[in-house]
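Heads up, the thing below is written out as structure tokens.
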Amino acid sequence: MKESVNNFEIDMPQTIAKKELEDLTCLYEVTKVLASSTDLLECLDQSMNILSEKKGMENGTVTIVNPVTGQLEIEVAQGMSPEARKRGKYKIGEGITGRVVASGKPIVIPHIADETEFLNRTRSRGDIRKKDNSFICVPIKHEKRTFGALSIDRAYRKDLNYEEDLRFLTILSGLIAQAALRIQAVNEREARLEHENIELKRELSEKYRIANIIGNSSRMQEVYEMIHRVADSNATVLLRGESGTGKTMVAKSLHHNSKRAKKPFIVVNCSALPETLLESELFGHEKGAFTGAHTTKKGRFELAEGGTLFLDEIGELSQNVQVKLLHVVQDRIFQRLGSSKSIKCDVRLVAATNRDLESAVADNSFREDLYYRLNVFPVYLPPLRERRTDILLLAEFFLNKYSEENAKDVQRISTPAIDLLLQYHWPGNVRELQNCIERAVLICDDETIKSFHLPPSLQSSESVDSQKPLSFAASVENFERELIVEALKQVNGNQTKAAQALDTSLRIINYKIHRYDIDPKKFKVGN
């Protein structure tokens, strides 16, 4: 056969030319795969399949040193089951593969049935005494550091040229080393960016986080941001949401995060007092203004001077009180009952209601002009069923609170009890959850709250909100968080051991711990 090179013709044996062409073709295809992928396992798996198809090299296996355990672990193995791969763990220096990594030199076993050091730990080859195969293993190196090995099987032949296979596999192992380092650098960069993104979100979360309000869900992050934006202003805030969603807590947070924090925070429950008493409570009265008014009394607007006045259940006000309140909201001027003297006040108003004020305006039970005066900066508090990822955070907070208050050593909530908490639709919202956990702590006699400690309402099929089931994403997050917490509890908060117990990497465990805001220190004995 004649080959033309730079316009010169040279003679080349046909068999050699064909062999080299096959090698070059195979290396070219493997190089394309290794260079185009950012998933190391995927590109190694494709490369092993190419070796099998193009070169007749079966059982292609890449083994890498685990930086955490220091053991050799199979990353990719052609045709091997996941269970077999898990069995394929070796100490450096153990077996043929371990010796290759320890020495940094390739090893050829012409006939594996005759080799006593061939461990066959994966058992993927069956009875090796009946196998007529050769085994070739070369190190995967970068500069002078060996961090893995590449091995293949070949059908045994007496005339097999191992030098050619060794040369070919050594070149291939170099390509794998370069690809592994490149993909590792890309993954580390992505992990660093992801970590920075998480840290940035955490910083923003802390920035908008309001003390004493529990919740990390996206819905609560929106509430925190709204509170942060309006806290320092004098704008009237209208808190909307169902009963038990924490409107009073948010009103307190608005006050304590404002410039008025050192001034009074006064609360008036508009539904708790009759109309005659409510007017007196709000605006005060002069001595003799009505029967029983034996002394002059300051109203809540005067008592809240310079601070915040929180009008809870504003939708329950009578029409008469609404008229008088409109004048105060508009001009910040009022008169005590029985007096003609006008009093100016510097008060920040926060109102709250669980009523549909728009419908109340439509049926003339609530004044439209007062509605617009109060609805300057509305903040909607989501019901607990719309922020299910916060249920466990709230439950653990109340668990710690009531365990301490009642001098009990209740430390955790069992998995079945957690499932009930997550499935329940919580019509009473956070207040109902709080009462539920307090009751459970009181009747619990050991360290763990079980499902039978929870109220019967949580354990009936009717209690589950079948119309709004837990979303797939939320279910996965809850399941992952529970797995990680359980693993950390079992290994005394050790993240490395938790990663091993869950058969995953330390990097992934660290990422999930940061994402779900889990504190491993909480699970260390003695804390």
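Each residue of the range 22-39 was assigned a 3J(HN,Hα) from its phi angle through the Karplus curve 6.51 cos²θ - 1.76 cosθ + 1.60 (θ = phi - 60°); the sequence is 4, 4, 5, 4, 5, 4, 4, 5, 5, 4, 4, 5, 5, 7, 9, 9, 10, 10 Hz, with glycine and proline shown as x. Working from Cα pairs under 8 Å separated by at least six residues, relative contact order for the chain is 9 percent.
Taking Cβ atoms as reference points and 12 Å as the exclusive limit, the residues near Gln411 contribute a net charge of -1, counting Lys and Arg as +1 and Asp and Glu as -1.
In this structure the amide hydrogen of Asp346, modeled in the peptide plane, comes within under 5 Å of the amide hydrogens of Gly306, none closer than 5 places in sequence on its chain.
In this structure, the pairs whose alpha-carbon distance is over 29 Å, taken from Lys263/Lys521; Lys259/Lys521; Lys54/Lys158; Lys89/Lys131, are Lys263/Lys521; Lys259/Lys521. Taking amide H positions as modeled 1.01 Å from N, with prolines and chain starts lacking one, the residues under 5 Å from Glu75 and 5 or more places away or on another chain are Val62, Thr63, Ile64. Only Cα pairs under 8 Å and 6+ residues apart enter the sum, and on that basis the relative contact order of the range 32-152 stands at 22 percent. Residues whose amide H falls under 5 Å from that of Gly241, counting only those 5 or more places apart or on a different chain, are Thr353, Leu381, with hydrogens built in the peptide plane. The shape of the range 385-523 comes out oblate: with a ≥ b ≥ c from the C-alpha gyration tensor, a/c is at least 1.5 while a/b does not beat b/c. The calculated FRET efficiency for the pair Glu222 and Asn400, based on their C-beta separation and a Förster distance of 25 Å, comes to about 0.40. Of the peptides 83-89, 57-63, 221-227, the order by per-residue mean of other Cβ atoms within 10 Å, starting with the highest, comes out as 57-63, 221-227, 83-89. Pick out, in residue order, every one of the trypsin sites (Lys or Arg not before Pro) in the range 294-399 that is DSSP loop and has at most 11 other C-beta atoms within 10 Å; say none if there are none. Sites meeting the loop and neighbour criteria: Lys341. Net charge of the neighbourhood of Asp45, taken over other residues with C-beta under 10 Å away and scored Lys/Arg +1, Asp/Glu -1, is -3.
When Glu163, Glu316 are sorted by how many other C-beta atoms sit within 10 angstrom of their C-beta, beginning with the fewest, the order is Glu163, Glu316.
Over the range 236-346, calculate the relative contact order: mean separation of alpha carbon pairs under 8 Å at least 6 apart, over the residue count, as a percent. Taking the mean separation of contacting Cα pairs over the length of the range 236-346, I get 28 percent. In sequence order, the range 78-85 has phi-based couplings of 5, x, 9, 6, x, 5, 5, 4 Hz under the Karplus curve 6.51 cos²θ - 1.76 cosθ + 1.60, θ = phi - 60°, and Gly or Pro positions carry x.
For the range 138-170, the list of trypsin sites (Lys or Arg not before Pro) that fall in a loop by DSSP and count at most 16 other C-beta atoms within 10 angstrom reads Lys144, Arg157, Lys158. Rounded if a/c is under 1.5, else prolate if a/b is larger than b/c, else oblate: which is the chain, with a ≥ b ≥ c the root eigenvalues of its Cα gyration tensor? Prolate. Sequentially through the range 422-433, phi angles give Karplus couplings (6.51, -1.76, 1.60; θ = phi - 60°) of 6, 7, 5, 8, 6, x, x, 6, 4, 4, 5, 4 Hz, Gly and Pro residues having no value and appearing as x. When each of Ser47, Ser365, Ser103, Ser258 is scored by the number of other beta-carbon atoms lying within 10 Å, the sequence from fewest to most is Ser103, Ser365, Ser258, Ser47.
Taking the beta-carbon count within 10 Å as an exposure proxy, list Ser52, Ser253, Ser81 from fewest neighbours to most.
Final ranking by Cβ density, sparse to dense: Ser81, Ser52, Ser253.
With R₀ set to 60 Å, the beta-carbon distance separating Leu303 from Leu27 gives a calculated FRET efficiency near 0.10.
Every read-out reported here was derived from the displayed coordinates using simple, explicitly stated rules and does not represent laboratory data. Quantities reported herein were computed from a predicted structural model and do not represent experimental measurements. Here Cβ is always computed from backbone atoms with ideal geometry, including for glycine, and neighbour counts include all displayed protein chains.
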